[in-house]
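Trainee: Handing you this structure, nothing more for now.
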Amino acid sequence: FAIGAAGGDSDVTWVNAFDMMEHELGYRYATSLHWAITQYTPASMEVMPMNSSERFFAVTIDLLGLIGFSTFVSSITTSMTQLRSLSQAKAQEDYDLRLFLHNNSISLELKTAVMNFASSYKHVLKTKTDYGSIDVICNLPLRLQRLMLNEMYFPIFRRHPCFGSLISLDQPFAEDLVKNALSDRALHKGEALFLTDDLAEGMYFVANSSEMVSKAPLLCYRRLAVEIDIASGQWMCEAAIMMEGWRFRGDCHAHRRADISVLTTSKFLNLLGKYATAGSVAVTFISHYAALFLETPPSVEAVLWYSGIWSDQAQAEAMMLQARDAAGVTVQRGNAPFRLLWTRSNLS
(Lines give C-alpha, C1' and ligand atoms only; values in the text may rest on other atoms or scores of the structure.)
Protein backbone atom coordinates (compact mmCIF):
# COMPACT_ATOMS: atom_id res chain seq x y z
CA PHE A 1 0.00 0.00 0.00
CA ALA A 2 2.87 2.37 0.81
CA ILE A 3 4.36 1.84 -2.66
CA GLY A 4 1.02 2.44 -4.36
CA ALA A 5 0.27 5.51 -2.26
CA ALA A 6 3.71 7.05 -2.86
CA GLY A 7 2.76 8.26 -6.35
CA GLY A 8 0.65 11.30 -7.10
CA ASP A 9 -3.04 11.30 -7.96
CA SER A 10 -2.24 11.25 -11.69
CA ASP A 11 0.22 8.30 -11.52
CA VAL A 12 -0.80 4.80 -12.53
CA THR A 13 -0.78 2.85 -9.28
CA TRP A 14 -2.97 0.14 -7.89
CA VAL A 15 -4.21 2.54 -5.21
CA ASN A 16 -5.48 4.94 -7.88
CA ALA A 17 -6.67 2.19 -10.22
CA PHE A 18 -8.94 0.71 -7.55
CA ASP A 19 -9.90 4.05 -5.97
CA MET A 20 -8.59 2.90 -2.59
CA MET A 21 -8.39 6.40 -1.17
CA GLU A 22 -12.14 6.69 -1.62
CA HIS A 23 -12.69 3.86 0.85
CA GLU A 24 -12.45 3.91 4.62
CA LEU A 25 -9.24 2.97 6.47
CA GLY A 26 -10.56 -0.43 7.52
CA TYR A 27 -11.27 -1.48 3.94
CA ARG A 28 -7.83 -0.33 2.76
CA TYR A 29 -6.10 -2.23 5.56
CA ALA A 30 -8.15 -5.41 4.94
CA THR A 31 -7.42 -5.25 1.20
CA SER A 32 -3.68 -4.88 1.81
CA LEU A 33 -3.71 -7.76 4.30
CA HIS A 34 -5.67 -9.90 1.84
CA TRP A 35 -3.10 -9.27 -0.88
CA ALA A 36 -0.21 -10.12 1.48
CA ILE A 37 -1.80 -13.43 2.49
CA THR A 38 -2.42 -14.48 -1.10
CA GLN A 39 1.33 -14.24 -1.80
CA TYR A 40 1.96 -17.13 0.63
CA THR A 41 -1.01 -19.30 -0.27
CA PRO A 42 -2.57 -20.64 -3.50
CA ALA A 43 -5.25 -17.93 -3.55
CA SER A 44 -6.03 -14.94 -5.78
CA MET A 45 -7.58 -11.48 -5.62
CA GLU A 46 -8.35 -8.57 -7.91
CA VAL A 47 -5.46 -6.32 -6.84
CA MET A 48 -2.50 -6.43 -9.23
CA PRO A 49 0.64 -4.37 -9.90
CA MET A 50 0.11 -1.36 -12.14
CA ASN A 51 3.72 -0.09 -12.62
CA SER A 52 7.34 -1.29 -12.57
CA SER A 53 7.93 -0.62 -8.86
CA GLU A 54 4.82 -2.51 -7.84
CA ARG A 55 5.63 -5.35 -10.22
CA PHE A 56 9.17 -5.72 -8.87
CA PHE A 57 7.91 -5.67 -5.29
CA ALA A 58 5.25 -8.29 -6.09
CA VAL A 59 7.83 -10.60 -7.71
CA THR A 60 10.12 -10.28 -4.68
CA ILE A 61 7.28 -11.10 -2.30
CA ASP A 62 6.24 -14.07 -4.47
CA LEU A 63 9.75 -15.52 -4.25
CA LEU A 64 9.86 -15.06 -0.49
CA GLY A 65 6.40 -16.55 -0.24
CA LEU A 66 7.46 -19.58 -2.27
CA ILE A 67 10.41 -20.22 0.04
CA GLY A 68 8.44 -19.58 3.24
CA PHE A 69 5.40 -21.62 2.24
CA SER A 70 7.52 -24.53 1.01
CA THR A 71 9.48 -24.57 4.26
CA PHE A 72 6.28 -24.50 6.29
CA VAL A 73 4.70 -27.35 4.33
CA SER A 74 7.93 -29.37 4.48
CA SER A 75 8.17 -29.06 8.27
CA ILE A 76 4.56 -30.19 8.69
CA THR A 77 5.10 -33.13 6.34
CA THR A 78 8.23 -34.20 8.21
CA SER A 79 6.48 -33.99 11.58
CA MET A 80 3.50 -35.98 10.35
CA THR A 81 5.81 -38.64 8.88
CA GLN A 82 7.62 -38.99 12.20
CA LEU A 83 4.35 -39.26 14.10
CA ARG A 84 3.08 -41.85 11.65
CA SER A 85 6.27 -43.89 12.04
CA LEU A 86 6.01 -43.80 15.83
CA SER A 87 2.36 -44.79 15.69
CA GLN A 88 3.10 -47.66 13.33
CA ALA A 89 5.91 -48.95 15.55
CA LYS A 90 3.68 -48.79 18.63
CA ALA A 91 0.81 -50.49 16.80
CA GLN A 92 3.15 -53.25 15.58
CA GLU A 93 4.45 -53.84 19.12
CA ASP A 94 0.91 -54.05 20.48
CA TYR A 95 -0.09 -56.43 17.69
CA ASP A 96 2.92 -58.69 18.25
CA LEU A 97 2.25 -58.84 21.98
CA ARG A 98 -1.44 -59.63 21.55
CA LEU A 99 -0.65 -62.27 18.93
CA PHE A 100 1.93 -63.88 21.21
CA LEU A 101 -0.51 -64.01 24.12
CA HIS A 102 -3.25 -65.42 21.90
CA ASN A 103 -1.09 -68.06 20.23
CA ASN A 104 0.14 -69.30 23.60
CA SER A 105 -3.37 -69.52 25.08
CA ILE A 106 -2.60 -67.15 27.93
CA SER A 107 -5.49 -66.77 30.37
CA LEU A 108 -7.56 -63.58 30.26
CA GLU A 109 -6.49 -62.54 33.75
CA LEU A 110 -2.78 -62.89 33.02
CA LYS A 111 -3.22 -61.36 29.57
CA THR A 112 -4.82 -58.28 31.14
CA ALA A 113 -1.99 -57.98 33.67
CA VAL A 114 0.64 -58.23 30.90
CA MET A 115 -1.11 -55.61 28.75
CA ASN A 116 -1.42 -53.23 31.72
CA PHE A 117 2.28 -53.67 32.41
CA ALA A 118 3.13 -53.03 28.77
CA SER A 119 1.05 -49.86 28.79
CA SER A 120 2.82 -48.46 31.85
CA TYR A 121 6.24 -49.66 30.71
CA LYS A 122 6.09 -47.56 27.56
CA HIS A 123 5.79 -44.41 29.66
CA VAL A 124 8.92 -45.10 31.69
CA LEU A 125 11.54 -42.56 30.77
CA LYS A 126 15.28 -43.03 30.69
CA THR A 127 17.14 -42.72 33.95
CA LYS A 128 17.61 -39.12 34.99
CA THR A 129 21.38 -39.46 34.63
CA ASP A 130 21.34 -41.25 31.28
CA TYR A 131 24.04 -39.00 29.89
CA GLY A 132 25.60 -41.79 27.81
CA SER A 133 23.09 -41.19 25.02
CA ILE A 134 23.97 -37.49 24.72
CA ASP A 135 26.96 -37.01 22.42
CA VAL A 136 27.89 -33.58 23.73
CA ILE A 137 28.01 -34.82 27.32
CA CYS A 138 30.11 -37.86 26.36
CA ASN A 139 32.64 -35.64 24.56
CA LEU A 140 33.03 -33.03 27.28
CA PRO A 141 36.55 -32.41 28.56
CA LEU A 142 37.39 -34.66 31.50
CA ARG A 143 37.38 -31.76 33.93
CA LEU A 144 33.86 -30.72 32.92
CA GLN A 145 32.67 -34.35 33.02
CA ARG A 146 34.05 -34.72 36.53
CA LEU A 147 32.40 -31.52 37.75
CA MET A 148 29.09 -32.50 36.19
CA LEU A 149 29.13 -36.00 37.73
CA ASN A 150 30.00 -34.50 41.11
CA GLU A 151 26.99 -32.20 40.97
CA MET A 152 24.76 -35.06 39.86
CA TYR A 153 25.82 -37.64 42.45
CA PHE A 154 27.37 -35.89 45.45
CA PRO A 155 23.97 -34.69 46.74
CA ILE A 156 22.89 -38.35 46.72
CA PHE A 157 26.04 -39.47 48.57
CA ARG A 158 25.67 -36.75 51.18
CA ARG A 159 22.42 -38.31 52.35
CA HIS A 160 24.42 -41.18 53.82
CA PRO A 161 26.73 -40.30 56.76
CA CYS A 162 29.59 -42.56 55.69
CA PHE A 163 29.65 -41.73 52.00
CA GLY A 164 28.91 -38.08 52.66
CA SER A 165 32.01 -37.99 54.85
CA LEU A 166 34.14 -39.46 52.05
CA ILE A 167 33.55 -36.37 49.93
CA SER A 168 35.38 -34.12 52.39
CA LEU A 169 37.82 -36.83 53.57
CA ASP A 170 39.05 -37.99 50.15
CA GLN A 171 37.30 -36.30 47.25
CA PRO A 172 39.30 -38.12 44.52
CA PHE A 173 38.12 -41.43 46.00
CA ALA A 174 34.52 -40.19 46.07
CA GLU A 175 34.85 -39.01 42.47
CA ASP A 176 36.17 -42.43 41.46
CA LEU A 177 33.15 -44.06 43.11
CA VAL A 178 30.82 -41.77 41.19
CA LYS A 179 32.52 -42.35 37.85
CA ASN A 180 33.33 -46.07 38.04
CA ALA A 181 31.15 -47.77 40.67
CA LEU A 182 27.78 -46.02 40.44
CA SER A 183 25.10 -46.86 37.87
CA ASP A 184 21.43 -46.01 37.42
CA ARG A 185 18.13 -47.80 37.09
CA ALA A 186 14.64 -46.51 36.38
CA LEU A 187 11.71 -48.46 37.83
CA HIS A 188 8.10 -48.14 36.74
CA LYS A 189 5.12 -48.68 39.00
CA GLY A 190 5.00 -52.24 40.31
CA GLU A 191 8.42 -53.28 39.01
CA ALA A 192 10.61 -55.27 41.41
CA LEU A 193 13.97 -53.84 42.43
CA PHE A 194 14.95 -57.15 44.05
CA LEU A 195 13.39 -60.32 45.47
CA THR A 196 14.13 -62.49 48.50
CA ASP A 197 17.21 -64.73 48.19
CA ASP A 198 18.50 -62.99 45.05
CA LEU A 199 22.22 -62.28 45.13
CA ALA A 200 22.69 -58.59 45.93
CA GLU A 201 24.33 -56.51 43.21
CA GLY A 202 25.09 -53.57 45.47
CA MET A 203 23.76 -50.78 47.66
CA TYR A 204 20.80 -48.69 46.51
CA PHE A 205 20.21 -44.94 46.76
CA VAL A 206 16.74 -43.62 45.90
CA ALA A 207 17.67 -40.62 43.83
CA ASN A 208 14.67 -38.95 42.17
CA SER A 209 15.80 -35.35 41.67
CA SER A 210 12.22 -34.07 41.41
CA GLU A 211 11.30 -35.84 44.62
CA MET A 212 14.20 -34.80 46.86
CA VAL A 213 11.98 -32.58 48.99
CA SER A 214 8.98 -34.90 48.89
CA LYS A 215 8.14 -37.45 51.55
CA ALA A 216 5.86 -39.43 49.25
CA PRO A 217 7.05 -43.06 49.15
CA LEU A 218 8.61 -44.32 45.94
CA LEU A 219 9.48 -47.89 46.96
CA CYS A 220 7.99 -50.51 49.23
CA TYR A 221 10.26 -52.94 51.11
CA ARG A 222 8.53 -56.00 52.50
CA ARG A 223 9.84 -58.68 54.81
CA LEU A 224 7.53 -61.22 56.43
CA ALA A 225 4.66 -59.24 58.00
CA VAL A 226 6.31 -55.82 57.85
CA GLU A 227 6.11 -53.31 55.03
CA ILE A 228 8.34 -50.23 54.87
CA ASP A 229 7.83 -47.21 52.63
CA ILE A 230 10.98 -45.64 51.22
CA ALA A 231 11.10 -42.08 49.92
CA SER A 232 13.60 -40.16 47.83
CA GLY A 233 16.94 -39.50 49.49
CA GLN A 234 16.98 -42.80 51.40
CA TRP A 235 19.07 -45.93 50.90
CA MET A 236 18.92 -49.70 51.26
CA CYS A 237 21.12 -52.78 51.43
CA GLU A 238 24.35 -51.41 52.92
CA ALA A 239 25.19 -55.02 53.81
CA ALA A 240 25.67 -55.81 50.11
CA ILE A 241 28.93 -53.84 50.04
CA MET A 242 30.03 -54.97 53.53
CA MET A 243 29.64 -58.74 53.13
CA GLU A 244 30.63 -60.87 50.16
CA GLY A 245 27.82 -62.97 48.71
CA TRP A 246 25.08 -61.21 50.69
CA ARG A 247 21.55 -62.09 49.56
CA PHE A 248 18.40 -60.05 49.84
CA ARG A 249 16.20 -60.78 52.84
CA GLY A 250 13.01 -59.25 51.56
CA ASP A 251 11.25 -57.93 48.45
CA CYS A 252 11.24 -54.39 47.10
CA HIS A 253 8.81 -52.98 44.53
CA ALA A 254 8.17 -49.50 43.16
CA HIS A 255 5.07 -47.62 44.29
CA ARG A 256 5.52 -45.41 41.22
CA ARG A 257 8.24 -44.19 38.86
CA ALA A 258 11.56 -44.25 40.75
CA ASP A 259 15.17 -43.47 39.86
CA ILE A 260 17.70 -45.67 41.64
CA SER A 261 21.48 -45.23 41.87
CA VAL A 262 23.31 -48.52 42.44
CA LEU A 263 26.73 -48.69 44.11
CA THR A 264 27.96 -51.96 42.60
CA THR A 265 29.69 -54.25 45.12
CA SER A 266 32.41 -55.62 42.84
CA LYS A 267 33.41 -52.19 41.53
CA PHE A 268 33.33 -50.73 45.03
CA LEU A 269 35.68 -53.44 46.32
CA ASN A 270 38.02 -52.97 43.35
CA LEU A 271 38.32 -49.28 44.15
CA LEU A 272 38.96 -50.07 47.81
CA GLY A 273 41.82 -52.33 46.76
CA LYS A 274 43.24 -49.66 44.49
CA TYR A 275 43.18 -46.96 47.17
CA ALA A 276 44.37 -49.35 49.90
CA THR A 277 47.52 -49.92 47.86
CA ALA A 278 47.98 -46.16 47.68
CA GLY A 279 47.59 -45.88 51.47
CA SER A 280 44.39 -43.81 51.36
CA VAL A 281 42.99 -42.79 54.75
CA ALA A 282 39.52 -43.19 53.19
CA VAL A 283 40.04 -46.97 53.09
CA THR A 284 40.94 -46.97 56.80
CA PHE A 285 37.83 -44.94 57.57
CA ILE A 286 35.57 -47.25 55.54
CA SER A 287 37.14 -50.35 57.13
CA HIS A 288 36.34 -49.05 60.62
CA TYR A 289 32.81 -48.15 59.52
CA ALA A 290 32.29 -51.64 58.04
CA ALA A 291 33.54 -53.29 61.23
CA LEU A 292 31.15 -51.20 63.33
CA PHE A 293 28.35 -51.93 60.89
CA LEU A 294 28.82 -55.70 61.29
CA GLU A 295 29.41 -55.64 65.05
CA THR A 296 26.71 -53.18 66.15
CA PRO A 297 23.25 -54.71 66.70
CA PRO A 298 20.77 -53.29 64.15
CA SER A 299 18.69 -50.39 65.43
CA VAL A 300 15.50 -51.49 63.68
CA GLU A 301 12.82 -53.86 64.93
CA ALA A 302 13.75 -57.53 65.24
CA VAL A 303 11.96 -58.73 62.11
CA LEU A 304 14.17 -56.38 60.03
CA TRP A 305 17.49 -57.39 61.57
CA TYR A 306 20.17 -58.14 58.97
CA SER A 307 17.78 -57.24 56.16
CA GLY A 308 17.90 -54.55 53.49
CA ILE A 309 16.88 -52.06 56.20
CA TRP A 310 19.78 -52.64 58.60
CA SER A 311 20.11 -49.40 60.52
CA ASP A 312 18.41 -46.04 60.84
CA GLN A 313 19.81 -42.56 60.29
CA ALA A 314 20.89 -42.01 63.89
CA GLN A 315 22.83 -45.27 64.07
CA ALA A 316 24.54 -44.62 60.72
CA GLU A 317 25.57 -41.17 61.94
CA ALA A 318 26.90 -42.60 65.23
CA MET A 319 28.91 -45.28 63.42
CA MET A 320 30.38 -42.65 61.11
CA LEU A 321 31.58 -40.61 64.11
CA GLN A 322 33.10 -43.69 65.77
CA ALA A 323 34.82 -44.71 62.54
CA ARG A 324 36.20 -41.20 62.17
CA ASP A 325 37.64 -41.28 65.67
CA ALA A 326 39.08 -44.77 65.21
CA ALA A 327 40.72 -43.77 61.93
CA GLY A 328 42.11 -40.61 63.51
CA VAL A 329 40.69 -38.28 60.90
CA THR A 330 38.58 -35.16 60.98
CA VAL A 331 35.53 -35.20 58.72
CA GLN A 332 33.65 -32.06 57.82
CA ARG A 333 29.91 -32.68 57.68
CA GLY A 334 27.46 -30.60 55.72
CA ASN A 335 25.00 -28.25 57.39
CA ALA A 336 21.89 -29.87 55.92
CA PRO A 337 20.07 -31.91 58.61
CA PHE A 338 19.42 -35.58 58.02
CA ARG A 339 15.83 -36.75 57.73
CA LEU A 340 14.43 -39.65 59.67
CA LEU A 341 14.55 -42.64 57.38
CA TRP A 342 12.10 -45.43 57.62
CA THR A 343 8.33 -45.25 58.00
CA ARG A 344 6.66 -48.59 58.66
CA SER A 345 3.15 -49.97 58.64
CA ASN A 346 1.93 -53.47 59.42
CA LEU A 347 0.28 -55.41 56.65
CA SER A 348 -3.37 -56.22 57.20
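The values are calculated or read from the model by the stated rules, or taken from the named source; none is laboratory data. If you're wondering where the values come from, they're calculated on a predicted model, not measured in any experiment. A quick note on method: Cβ atoms are made from the backbone with ideal geometry, for glycine too, and the neighbour counts reach across all protein chains shown. With ligands, DNA and RNA removed, areas are computed over all heavy atoms of the protein, side chains included. Shrake-Rupley method; radii C 1.70, N 1.55, O 1.52, S 1.80 Å.
Trainee: Looking at region 65-84, which of its residues are of a type in the set (Ser, Thr, Tyr) and within 33 Å of the chain's Cα centre (by Cα)? Break it down into steps so the answer makes sense when it comes.
Mentor: Of region 65-84, the ones of a type in the set (Ser, Thr, Tyr) are 70-71, 74-75, 77-79, 81.
Of everything in region 65-84, those that are of a type in the set (Ser, Thr, Tyr) and within 33 Å of the chain's Cα centre (by Cα) turn out to be 74, 75, 77, 78, 79, 81.
Trainee: Taking region 90-134 on its own, how many of its residues are modelled with pLDDT under 80, exposed (fewer than 10 other Cβ atoms within 10 Å of the Cβ) and part of a helix (DSSP H, G or I)?
Mentor: 1
Trainee: Could I ask something else about it? So which residues in region 249-261 are open to solvent by less than 10 Å² (accessible area, probe 1.4 Å) and touching a helix residue (DSSP H, G or I) at 6+ places or on another chain (Cβ under 9 Å)?
Mentor: Selection gives 250, 258, 261.
Trainee: Another question, then. Of a type in the set (D, E, K, R) and surrounded by fewer than 22 Cβ atoms within 10 Å (Cβ to Cβ), is that true of residue 238?
Mentor: no
Trainee: Oh, and also: Of the residues that make up region 77-88, is at least one modelled with pLDDT under 85 and surrounded by 11 or more Cβ atoms within 10 Å (Cβ to Cβ)?
Mentor: no
Trainee: OK, next. May I ask you to list the residues in region 171-195 that are part of a loop (DSSP other than H, G, I, E, B) and either surrounded by 22 or more Cβ atoms within 10 Å (Cβ to Cβ) or within 22 Å of the chain's Cα centre (by Cα) (or both)?
Mentor: Scanning region 171-195 gives 188, 189, 190, 191.
Trainee: Filter region 135-167 down to residues that are part of a loop (DSSP other than H, G, I, E, B) and under 24 Å from residue 284 (Cβ atoms) and give me whichever is modelled with the highest pLDDT. Please lay out each step first, then the result.
Mentor: Taking region 135-167 and keeping what is part of a loop (DSSP other than H, G, I, E, B), we get 139-141, 158-160.
Now drop any that are not under 24 Å from residue 284 (Cβ atoms), which leaves 158-160.
Values: 158: 88, 159: 88, 160: 91.
If we take residues in region 135-167 being part of a loop (DSSP other than H, G, I, E, B) and under 24 Å from residue 284 (Cβ atoms), then 160 is modelled with the highest pLDDT.
Trainee: Report yes if residue 21 is of a type outside the set (Lys, Arg), open to solvent by 90 Å² or more (accessible area, probe 1.4 Å), out of contact with any Asp or Glu (no Cβ under 6 Å at 6 or more places or on another chain) and not in a helix (DSSP H, G or I), otherwise no.
Mentor: No.
Trainee: Still on this structure, I have one more. If a residue has to be hydrophobic (A, V, I, L, M, F, W, C), touching a helix residue (DSSP H, G or I) at 6+ places or on another chain (Cβ under 9 Å) and under 28 Å from residue 229 (Cα atoms) to count, how many in region 168-192 make the cut?
Mentor: Residues that pass the stated criteria total 4.
Trainee: If I go through region 289-304 residue by residue, how many of them are surrounded by fewer than 15 Cβ atoms within 10 Å (Cβ to Cβ) and modelled with pLDDT under 80?
Mentor: Residues meeting the conditions: 3.
Trainee: Report whether or not residue 262 is in contact with a Leu (Cβ under 9 Å, 6 or more places away or on another chain), within 30 Å of residue 190 (Cβ to Cβ), touching a residue at least 12 places away in the same chain (Cβ under 8 Å) and in a helix (DSSP H, G or I).
Mentor: no
Trainee: List the pairs whose first member sits in region 149-161 and is farther than 23 Å from residue 318 by Cα and open to solvent by less than 20 Å² (accessible area, probe 1.4 Å), whose second member is of a type in the set (Val, Ile, Thr) and not in a helix (DSSP H, G or I), and whose Cβ atoms are under 9 Å apart, counting only residues at least 6 apart or on separate chains?
Mentor: Correct list of pairs: 149/129; 153/129.
Trainee: What pairs can you find where one residue is in region 52-76 and over 18 Å from residue 15 (Cα atoms), the other is outside any helix (DSSP H, G or I) and among the β-branched types (Val, Ile, Thr), and their Cβ atoms are less than 9 Å apart, with a gap of 6+ or different chains?
Mentor: 65/41; 69/41
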